[in-house]
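Written out below as structure tokens is the structure these notes cover.
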Amino acid sequence: KQEVTQIPAALSVPEGENLVLNCSFTDSAIYNLQWFRQDPGKGLTSLLLIQSSQREQTSGRLNASLDKSSGRSTLYIAASQPGDSATYLCAVKEEGNNNDMRFGAGTRLTVKP
Amino acid sequence: DAGVIQSPRHEVTEMGQEVTLRCKPISGHDYLFWYRQTMMRGLELLIYFNNNVPIDDSGMPEDRFSAKMPNASFSTLKIQPSEPRDSAVYFCASSLSAGGYGYTFGSGTRLTVV
């Protein structure tokens, strides 16, 4: 059974810092990996989706990388801002499985002004 | 588009009562998903539909849980009878494809069973 782990569980940084969030998964037979953002009391918003054949995806200050063979993904946030404060979750969609995305528990990020 | 709409936003009910959660997906999305989020277990897929047909309900915890999608614009998740351990945030999401693109979540229903 696919297990998705996110480290750290919580992270607090001063505004302006670059930071990296980590996601690892146990079964490398994935179809894609997706990073989501969740604000308190809200649903999840998709940030970046990386197909299994891709190495990275970029959107603005966000860059997500994927190393499928080692079962790892990172989300890099450049020049962090207080508005980036949220919980970030990664989710893995497995090959051959119709549509079960396995989510990590998330990293709660706080960016201090 | 108003996005995925869930109602109610909050529900407090007594143990043993029936609870019905509602979801309106984004128009044109063929897939609809019900998730449950708790501190202990994180986000779990309960069931999903494709073109109104339930495809995988292996995540539904017990027979007390049931879900329907009578048409492309409406789905319900029902718990009968409810128990305190059902307390969680229930999310509905919809997408255009099975591949994960365009995955859009609703704001969730926070259910408290006392």
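All of the numbers you see were taken from the coordinates with simple rules; none came from a lab. Since we're looking at a predicted model, the values are computed, not measured. When we count neighbours, we look across all protein chains shown, and the Cβ atoms used for this are built from the backbone with ideal geometry, even at glycine.
Listed by chain and number, the aspartates and glutamates placed with their C-alpha closer than 12 angstrom to that of A:Lys112 are A:Glu15, A:Glu17, A:Asp84; residues fewer than eight positions away on the same chain are left out.
Using the basic label-point model (7 angstrom from Cα toward the beta carbon), what is the A:Glu15 to B:Ser97 distance in nanometres? Modelled inter-label distance: 3.9 nm. Rounded to 0.05, the FRET efficiency of the B:Phe74 and A:Arg61 pair, given R0 = 35 Å and the Cβ-Cβ distance, is 0.40. About its Cα centre, the dipole of chain B is roughly 240 debye, where the only charges are +1 on Lys and Arg Cβ and -1 on Asp and Glu Cβ.
Count, for each residue of B:101-109, the Cβ atoms from other chains sitting within 10 Å of its Cβ, then give me the mean as a whole number.
Details: counts 5, 2, 9, 4, 7, 3, 4, 5, 0.
Average per residue, whole number: 4.
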